[in-house]
Amino acid sequence: MRTPFYDIHKSLGAKIVNFYGWEMPLQYSGIMDEHVNVRTNVGLFDVSHMGRFEIKGQQSLACLQKLVTNDLEKLADHQALYSPMCYEDGGIVDDIIAYRLAHDRYIVVVNASNRSKDFEWISNHSKSAHVEDISDRTGLLAIQGPRASDLLQRLVETDLQSVKPFHIVDANIDGIECMISRTGYTGEDGFELFFDSSRIEIWAKLMQYDKIFGIKPTGLGARDTLRLEAGLMLYGKDMDENTTPLEVPLKWTISFGKKQEFIGKKVLSNSHPSRKLVGFEVLEKRRIAREGNKVLMKGMKVGFVTSGSFSPTLRKSIGFCFVPIEVLQDQSIHIDIGGKHYEAKTTSTRFYKRK
């Protein structure tokens, strides 16, 4: 499968890889260069591979309230909210962002790898709400970085400084109608733009400011290192159907007190996890831990690495791993890398926080 911007990626010399069936750009100028540019200027990401569903009708809120652990009643029109969806046993179906456009109309963005599964799950629990997959007819771009707001302000009349995180505005970019949300997956300020998938000229309209704002196309490689530094988890690596929101740092997304019962509430209410996801730093900086590496304490395996990489910003080897619930922050652990055990220490899952 290809996004509407595939030919643009090829023309820019991007390295294309298969990402859950999608032909996506891994990198253009290089992962390190793209990563640093997002932290200092602004990066442009094609995220049109993500799934986008529209849920509308009088039962739309009731439908979503049953499915998500967070409380959508908190949202006013043109606001968004992050939440897991869970199975009855508390395992995570997916982590999503729900956008309230009106009291009876929502858009839900899901992970590309889960698009079919999520659509079936939501449809089967929709009652009388209308659920439609609008992914193919909508494009989705993200612009992320400390100069993202200044760049986008050149193209829209709306005062972007007044748009708070997880809020939405409708805007016109040189004749292209867009829904703009102040959301992202990098730890930087930025926006995500929803628009008609035929309007691929929006890429060039954003890139025309490359000399002024330093905007560069950014691929999946830098997207992964950016999200890891910011403590943002990836479904399929750091959480899945065998993981509950209580085992990863998502307890804050569970609204046990909301009016409507949600799927998984009973199990989660009585859950006492034996493991947790933590951050770690490998003390031998030349060694990088990767997904699947064993985590050891006193020579015994106690967990495994879910995500790991070299941090271009912090210049150290970082990652996430599962460990027993009693392990403390800054506690010494070892990670098996290539058959050798390297010392590491546990940390918060958030390594980087923008100024």
(request) Check Leu193 against each of (1) in a strand (DSSP E or B); (2) more than 30 Å from Gln58 (Cα to Cα) and name the one condition it does not meet. (result) (2)
(request) Confirm whether Glu281 is within 24 Å of Val110 (Cα to Cα), modelled with pLDDT of 95 or more and outside the structural domain of Ile122 (by TED's automatic domain parsing). (result) no
(message) I need the full set of residues from segment 222-244 which are in a loop (DSSP other than H, G, I, E, B) and more than 15 Å from Tyr87 (Cα to Cα), in order please.
(response) Ala230, Gly231, Leu232, Met233, Leu234, Gly236, Lys237, Asp238
(request) Taking only segment 149-196 into account, find how many residues are more than 18 Å from His78 (Cα to Cα) and either surrounded by 22 or more Cβ atoms within 10 Å (Cβ to Cβ) or not basic (Lys, Arg) (or both). (result) 16
(message) For segment 95-110: of the residues being in contact with a helix residue (DSSP H, G or I) (Cβ under 8 Å, 6 or more places away or on another chain) and among the hydrophobic types (A, V, I, L, M, F, W, C), which is farthest from Leu250 (Cα to Cα)?
(response) Val108
(request) Return only the number of the condition from (1) touching a Gly at 6+ places or on another chain (Cβ under 9 Å); (2) of a type outside the set (A, V, I, L, M, F, W, C); (3) surrounded by 16 or more Cβ atoms within 10 Å (Cβ to Cβ) that Gly30 does not satisfy. (result) (3)
(request) Go through the residues of segment 308-324 one by one and say whether even a single one is over 17 Å from His341 (Cβ atoms), among the β-branched types (Val, Ile, Thr), in a loop (DSSP other than H, G, I, E, B) and not assigned by TED's automatic domain parsing to the domain that holds Leu81. (result) yes
(request) Taking the residues in segment 56-76 that are under 21 Å from Arg115 (Cβ atoms) and in contact with a His (Cβ under 7 Å, 6 or more places away or on another chain) as candidates, determine which candidate is surrounded by the most Cβ atoms within 10 Å (Cβ to Cβ). (result) Leu67
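Assess whether Ser149 counts as being farther than 12 Å from Val42 by Cβ, under 24 Å from the mean Cα position of the chain (by Cα), outside any strand (DSSP E or B) and among the small types (Gly, Ala, Ser).
Working: farther than 12 Å from Val42 by Cβ: no; under 24 Å from the mean Cα position of the chain (by Cα): yes; outside any strand (DSSP E or B): yes; among the small types (Gly, Ala, Ser): yes.
No: the conditions fail for Ser149.
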(request) Could you check how many residues of segment 237-267 are more than 12 Å from Gly91 (Cα to Cα) and either surrounded by 21 or more Cβ atoms within 10 Å (Cβ to Cβ) or touching a Ser or Thr at 6+ places or on another chain (Cβ under 8 Å) (or both)? (result) 9
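The values are calculated or read from the model by the stated rules, or taken from the named source; none is laboratory data. Fair warning: this is a prediction, and the values are worked out from it, not measured in the lab. Note that each Cβ is placed from the backbone with ideal geometry, even for glycine, and that neighbours are counted across all protein chains shown.
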